[in-house]
1. Quick one: Debye curve from the alpha-carbon atoms of the protein assembly as shown only, equal weights, vacuum; give me log10 I(q)/I(0) at q = 0.05 Å⁻¹ to two decimals.
2. Under a Cβ-only charge scheme (Lys and Arg +1, Asp and Glu -1), can you give me the dipole magnitude of region B:2-222 about the Cα centre, in debye to the nearest 20?
3. Calculate, for chain B, the solvent-accessible area per residue in square angstrom, rolling a 1.4 angstrom probe over the heavy atoms of the protein chains.
4. Out of every Cα-Cα pair in region A:98-219, what percent are more than 18 Å apart?
5. Return the distance in nm (one decimal) between the two label points of a simple spin-label model at A:TYR201 and B:PHE85, each offset 7 Å from Cα along Cα→Cβ.
6. Along Cα-to-Cβ, 7 Å out, sits the label point; list in nm, shortest first, how far the one on B:GLU147 is from those in the other copies.
7. Tally Lys and Arg at +1 and Asp and Glu at -1 over the other residues with C-beta under 15 Å from the C-beta of B:HIS202: what net charge comes out?
8. Can you pull the percent of Cα pairs in region B:2-222 with separation above 34 Å?
Amino acid sequence: MFQELFTPSVQHALDIAGIFVFAISGALLAVRKNFDVFGIAVLAEVTALGGGLIRDLIIGAVPPAAFTDLGYFVTPLVATVLVFFLHPHVERIQVGVNVFDAAGLGLFCVTGTTKAYEYGLNLTSSAALGLATAVGGGVLRDVLANEVPSLLRWDRDLYAVPAIVGATIVVLCIQFDALNALTSGIAVVTAFALRLLAMRYHWRAPRAWNRRSAATEEKATAQ
Amino acid sequence: MFQELFTPSVQHALDIAGIFVFAISGALLAVRKNFDVFGIAVLAEVTALGGGLIRDLIIGAVPPAAFTDLGYFVTPLVATVLVFFLHPHVERIQVGVNVFDAAGLGLFCVTGTTKAYEYGLNLTSSAALGLATAVGGGVLRDVLANEVPSLLRWDRDLYAVPAIVGATIVVLCIQFDALNALTSGIAVVTAFALRLLAMRYHWRAPRAWNRRSAATEEKATAQ
Amino acid sequence: MFQELFTPSVQHALDIAGIFVFAISGALLAVRKNFDVFGIAVLAEVTALGGGLIRDLIIGAVPPAAFTDLGYFVTPLVATVLVFFLHPHVERIQVGVNVFDAAGLGLFCVTGTTKAYEYGLNLTSSAALGLATAVGGGVLRDVLANEVPSLLRWDRDLYAVPAIVGATIVVLCIQFDALNALTSGIAVVTAFALRLLAMRYHWRAPRAWNRRSAATEEKATAQ
């Protein structure tokens, strides 16, 4: 049904765009981590293609698009060259990483959910896999850079929630036969905007400290 | 042969139980690492489903059970909610992580070995994949938490050996046509008990320090 | 075409040799990291089979060779035993890790590229997957050991380039119908020799510091 509205070429263009912005984010982190040019290329490739690779392995789409579509492979190399020669001054890098990462997050949660559903997964699993597609590359990036994934850290602004919202919009659109380029775009922009707002206003998720803090305070009071 | 004795529903129930206890272990570690509620959920999902996901990708069972069975996906979320609201005081967390982890270890080495054999792997590979199923989630958990996997550390009590014993019992039972719910249960309990004993009495595996220590001592003596 | 010249048994022997030397490298790193005997075995297995496992999952060769060929599984255990009882004195370990790692790098970039092409990938993707096969095990090794992968670090001698050269030689030989045991061997030795030379003369790749350094210097000058 929605395949007629949401054409393969739109899917492909969105994928390339998502790959490019994620690759920029990976390459910028590699610069910040002081990696050499090959390390930058590897981190760009892994960040850009990692989420989609995980998705494709899980839905059984082998060989994954990352290894059959030359554009998917070359795009991160273009991003590497751009970052290598044009990267902003070091104090402005973190902002760039975050904004590009937010754009990739929005794009991939939508394309990931759509592709998973096209391969026959149920709606809940499609949304979960859309989330995995969106955050997988960034998690692999952070693991390779030997950092705690920013996805998991309490002191980072909301990251998973925007992707969950974007994937949920896609799933609801599928449920009500309303998925097309427009609604997909709305889902992308919503997730992207939510992530930007989360960064701007430092929205954070709660930790499970209540009981511990209470216990610690009781102990402190008792002493 | 053994499929008649070891029914799919028993397999499924054991899988759900293993997923639940591993998810508790992952969620408790996430609390100890100070992650937010989404980080807790992600670590619970990865710890619980990671080993089975690796197994399913390797035996070619795609999409993996983690993405086709809604119960597998929801169970770690239940564990997340439980841990988030009811987690024990922080000084008791490590004990909980270890005991639940031991239970998951016992369950998964048995179900992983069984499923790998059902998919046509030979006995040795089935046992190896049972071990990978049992320890894979915990290794992914530690890698995501940016810690050296406790599986590998010399200063941690025996972890792989109980799973190897459990997987070996299953393989021997298959070899002698004796695998059923009872013998599977024995394998689970044996692996679980061995792990608990290893923790209680601090059983550890030897390191390869003999020659180095000898060399160092000789050098020290010569001076 | 080239299958007649490059026989399965040669492919298999090269694979076993690559697995062995990579396993030695993984086991030696495990000794240096102070892991116990099971940690040594796990790191040997992962380092040796990780790259091929990634390759096989991506090209859809499941179950991967690592789980169907008993020799692939046992070889790292032999390496573990050798390292456990015979490992060199600790100050000489790093050299051993590097030389064995270089040999594995040369072997795997060739066999990985060849197998990927046999499974129908295009030439560029085959070379990329050959590189992934060659460096994948080492990256997994470093991630499990909780270190920044040496593949990415600027202060390490060229690592990816020798593998890229080796894979490119294989791809060019395929292109010109000239792949056989001799040319494959040349590719292996070229990659191995390049890596050894890179270590000997500390060849390094550039980082993207130009603009930042310039900016920093300008700022310093302005003050």
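1. Relative scattering, expressed as log10 I(q)/I(0), comes to -0.23.
2. In debye, rounded to 20, region B:2-222 gives about 700.
3. Accessible area per residue, chain B: 40 Å².
4. 54 percent
5. Between A:TYR201 and B:PHE85, the label points sit 2.7 nm apart.
6. 2.2, 2.2
7. Net charge in that neighbourhood comes out at +3.
8. Percent of Cα pairs beyond 34 Å in region B:2-222: 17.
The values are calculated or read from the model by the stated rules, or taken from the named source; none is laboratory data. As the structure is a computational prediction, the values presented were derived from the model and not from experiment. All Cβ positions, glycine included, derive from the backbone under ideal geometry; neighbour counts span all protein chains shown. Accessible surface is based on the protein model in full, side chains and every heavy atom, while ligands, DNA and RNA are left aside. Shrake-Rupley method; radii C 1.70, N 1.55, O 1.52, S 1.80 Å.
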